[in-house]
Amino acid sequence: MTKVNYIEASGKVYSVEAEAGISAMEAAVKNAVPGIDGDCGGAAACATCHVYVDDEWIGKTGPAQDGLEKSMLEFAEDVRETSRLACQISLTPALDGLVLKLPEKQH
Ligand code: FES
């Protein structure tokens, strides 16, 4: 299992245990973490799973990927260097303890 901590803009933390291999969007939706809708089911086609990877973790997740992910992020609000689509972050054991911050709102 991989632990993921989702932090709302208000500071409220939602910690979930996810099976390895699913995405950070799927783990949030399965555990009813508010603020991650995942409307497109993980196809990088909706940007309702926009998150900010904590500075300590961006080296492990890597930045947004060229192509679909970066293009879709153009539709998200308040995009930053550490912005990712949670559906494009696959939860490997190396990401145990991952911290993802939620934007104030999805588009
Ligand atoms: Fe639609 Fe991530 S779930 S872009």
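A few notes on this one:
- Of the strands (runs of 3 or more DSSP E) lying entirely inside the range 36-104, none contains at least 1 residues that are touching a residue at least 24 places away in the same chain (Cβ under 8 Å), over 22 Å from Gly11 (Cβ atoms) and away from the ligand (no atom under 14 Å from the Cβ).
- Any hit, the range 21-34, residues being touching a Pro at 6+ places or on another chain (Cβ under 8 Å), under 19 Å from Met1 (Cβ atoms), touching a residue at least 60 places away in the same chain (Cβ under 8 Å) and small (Gly, Ala, Ser): no
- Filter result for the condition that a residue is more than 21 Å from Ala94 (Cα to Cα) and modelled with pLDDT of 95 or more, over Ala18, Ala28, Ala44: Ala44
- The lone exception for Val16 - which of (1) loosely packed, with under 13 Cβ neighbours inside 10 Å; (2) free of Cβ contacts under 8 Å to residues at least 24 places away in the same chain it fails: (1)
The values are calculated or read from the model by the stated rules, or taken from the named source; none is laboratory data. If you're wondering where the values come from, they're calculated on a predicted model, not measured in any experiment. Backbone-built Cβ (ideal geometry, glycine too); neighbour counts: all protein chains shown.
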